[in-house]
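Remarks on the structure that follows.
The values are calculated or read from the model by the stated rules, or taken from the named source; none is laboratory data. Predicted model only: the values in this text are computed from it and were never measured. Counting neighbours? That spans all protein chains shown, and the Cβs are built from the backbone with ideal geometry, glycine included.
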Amino acid sequence: MGRRGPSRRRETPQEARQRRGLVDDPQTVTDAAIRFLEARHRSVAEVRRRLAMAGYRSDLVEAAIARLTEVGLLDDLEFARTWVRSRDASRPRGEQALRREMMLKGIDRGVIAAVLEERSHGADHDGGASPDRAAAAHLLERRRAVLSRVADPAQRRRRAYALLARNGFDPEVCAEAARAFAGQE
């Protein structure tokens, strides 16, 4: 059995970028940005980078970003707040790691500082503990089963410390949380 109909060659990524470079309609670029935003919130820099890599003209990319900002679909401050809340709830990180992640997302240093300041003064962490201490305790609690398999308390404390350090917590928080965790066993 042979193929039915004429064979159609698939467009290469380079051809797709060239085709997008010829686009004159700002709505086409805005629609592409909206599709990118469907999966999750993104920073302005992420959207700009994605559209530029897709091959759209820079003037149309900037127009799409301006339009999406105007209607509230792009907002770096809200993106950063959501990012930090999400991390604290599901994948706890220390302030150093949060700062690094947001910088990689293209968030302005001033916005990062404001969001981390809000986090440090927020009332939603355990018993008045700093947000980093609360996040460290949360991370250790999530890893309790694995850490509890280590019989030697000193070794368990070192592993807890190492886990926290890998996740961007400062040394003081690592030591305090690891000590508290090892003492609970």
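Output the qualifying pairs, or none if there are none: Cβ atoms under 9 angstrom, residues six or more apart or on different chains, first residue in the range 32-47 and touching a residue at least 40 places away in the same chain (Cβ under 8 Å), second residue surrounded by fewer than 15 Cβ atoms within 10 Å (Cβ to Cβ) and not hydrophobic (A, V, I, L, M, F, W, C).
What qualifies is His41/Glu78; His41/Thr82; Val44/Thr69.
If a residue must be in a helix (DSSP H, G or I) and either under 20 Å from Met102 (Cα atoms) or of a type in the set (Gly, Ala, Ser) (or both), how many such residues does the range 30-67 contain?
Within the range 30-67, residues that are in a helix (DSSP H, G or I) and either under 20 Å from Met102 (Cα atoms) or of a type in the set (Gly, Ala, Ser) (or both) number 19.
Give the residue, chosen from Gly110, Gly72, that is out of contact with any helix residue (DSSP H, G or I) (no Cβ under 6 Å at 6 or more places or on another chain) and not in a helix (DSSP H, G or I).
Gly72
If Val44 satisfies every condition in (1) crowded, with 16+ Cβ neighbours inside 10 Å; (2) farther than 20 Å from Leu104 by Cα but one, which is the exception?
Of the numbered conditions (1) crowded, with 16+ Cβ neighbours inside 10 Å; (2) farther than 20 Å from Leu104 by Cα, the odd one out for Val44 is (2).
One line per residue, one yes/no per condition, for (1) within 28 Å of Val29 (Cβ to Cβ); (2) of a type outside the set (A, V, I, L, M, F, W, C); (3) without any contact (Cβ under 8 Å) to a residue 24 or more places away in the chain:
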position	(1), (2), (3)
Ala52	yes, no, yes
Asp59	yes, yes, yes
Ala63	yes, no, no
Thr69	yes, yes, no
Ser90	no, yes, yes
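Considering Ala63, Ala39, which residue is surrounded by 14 or more Cβ atoms within 10 Å (Cβ to Cβ), over 21 Å from Glu118 (Cβ atoms) and not assigned by TED's automatic domain parsing to the domain that holds Leu164?
Selected residue: Ala63, the only one of Ala63, Ala39 that is surrounded by 14 or more Cβ atoms within 10 Å (Cβ to Cβ), over 21 Å from Glu118 (Cβ atoms) and not assigned by TED's automatic domain parsing to the domain that holds Leu164.
If Arg93 passes every condition in (1) under 30 Å from Arg40 (Cβ atoms); (2) assigned to a helix (DSSP H, G or I); (3) not hydroxyl-bearing (Ser, Thr, Tyr) but one, which one does it miss?
(2)
Looking only at residues in the range 7-29 that are assigned to a loop (DSSP other than H, G, I, E, B) and surrounded by 10 or more Cβ atoms within 10 Å (Cβ to Cβ), which one is modelled with the highest pLDDT? Spell out how you get there, then give the answer.
Applying the first criterion (assigned to a loop (DSSP other than H, G, I, E, B)) to the range 7-29 yields 7-12, 22-25.
If we keep only those that are surrounded by 10 or more Cβ atoms within 10 Å (Cβ to Cβ) as well, we get 11, 23.
On the way: Glu11: 88, Val23: 83.
Taking the candidates together, the pick is Glu11.
Would you say Arg119 is at pLDDT below 95, among the charged types (D, E, K, R), within 11 Å of the chain's Cα centre (by Cα) and over 30 Å from Asp24 (Cα atoms)? Break it down stepwise before answering.
Values: at pLDDT below 95: yes; among the charged types (D, E, K, R): yes; within 11 Å of the chain's Cα centre (by Cα): no; over 30 Å from Asp24 (Cα atoms): yes.
Judged against the criteria, Arg119 is not a match.
For the range 131-138, check the following and say yes or no: at least one residue is under 27 Å from Tyr161 (Cα atoms), surrounded by fewer than 17 Cβ atoms within 10 Å (Cβ to Cβ), assigned by TED's automatic domain parsing to the domain that holds Phe169 and in contact with a helix residue (DSSP H, G or I) (Cβ under 9 Å, 6 or more places away or on another chain).
Here is the first cut: in the range 131-138, the residues under 27 Å from Tyr161 (Cα atoms) are 131-138.
This time we only want the ones that are surrounded by fewer than 17 Cβ atoms within 10 Å (Cβ to Cβ), so: none.
The answer is no; no qualifying residue exists.
State whether one or more residues within the range 173-185 are assigned to a loop (DSSP other than H, G, I, E, B), acidic (Asp, Glu) and at pLDDT below 90. Spell out the reasoning first.
Taking the range 173-185 as the starting set, the residues that turn out to be assigned to a loop (DSSP other than H, G, I, E, B) are 185.
Within this subset, residues satisfying the condition of being acidic (Asp, Glu) are 185.
Among the residues that remain, those that are also at pLDDT below 90 are: 185.
Yes - at least one qualifying residue is present in the range 173-185.
What is the number of the single condition among (1) buried (at least 16 other Cβ atoms within 10 Å of the Cβ); (2) under 25 Å from Arg49 (Cα atoms); (3) touching a His at 6+ places or on another chain (Cβ under 9 Å) that Thr82 does not meet?
(1)
Does the range 127-164 hold any residues that are under 14 Å from Pro92 (Cα atoms) and at pLDDT below 90, and which are they?
Ser130
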